[in-house]
1. Would you tally the residues in the range 4-31 being among the aliphatic types (A, V, I, L, M), out of contact with any helix residue (DSSP H, G or I) (no Cβ under 8 Å at 6 or more places or on another chain) and open to solvent by less than 100 Å² (accessible area, probe 1.4 Å)?
2. Determine, yes or no, whether ILE50 is surrounded by 11 or more Cβ atoms within 10 Å (Cβ to Cβ) and part of a helix (DSSP H, G or I).
3. Among the numbered conditions (1) surrounded by fewer than 12 Cβ atoms within 10 Å (Cβ to Cβ); (2) outside any loop (DSSP other than H, G, I, E, B); (3) of a type in the set (Gly, Ala, Ser), tell me where GLY60 comes up short.
4. Scanning the range 32-47 for residues that are more than 8 Å from the chain's Cα centre (by Cα) and surrounded by 15 or more Cβ atoms within 10 Å (Cβ to Cβ), which turns out farthest from ILE21 (Cα to Cα)?
Amino acid sequence: MNFIKKLGLANILLLVLCGLIIGVSEYLFLRGDQLHAIFIGLWAPTLLLIVIFIKQIKNGR
């Protein structure tokens, strides 16, 4: 529970969402739909980058 408080519920939900996106991307890739898998697979790092950028703006950097 202390880990969740320290990391924050929103950050944990975002990490779970990114994991889910990666899982869906792998499923599509293994099913043979490579182009859609690559497109969806790029969402996870994009979401993480946006969150990092917003946190840096919030912290005044």
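The values are calculated or read from the model by the stated rules, or taken from the named source; none is laboratory data. Note that the coordinates shown come from a computational prediction; the quantities given were computed from them, not determined experimentally. A quick note on method: Cβ atoms are made from the backbone with ideal geometry, for glycine too, and the neighbour counts reach across all protein chains shown. SASA here: full protein model, heavy atoms, side chains in, ligands and nucleic acids out. Shrake-Rupley method; radii C 1.70, N 1.55, O 1.52, S 1.80 Å.
1. Qualifying residue count for the region: 4.
2. Numbers: surrounded by 11 or more Cβ atoms within 10 Å (Cβ to Cβ): yes; part of a helix (DSSP H, G or I): yes.
Here the answer is yes, as ILE50 does meet what is asked.
3. (2)
4. Initially, the range 32-47 is screened for residues more than 8 Å from the chain's Cα centre (by Cα), giving 32-42.
Still in the running and surrounded by 15 or more Cβ atoms within 10 Å (Cβ to Cβ): 37, 40-41.
Numbers: ALA37: 10, ILE40: 7, GLY41: 7 Å.
This residue is ALA37.
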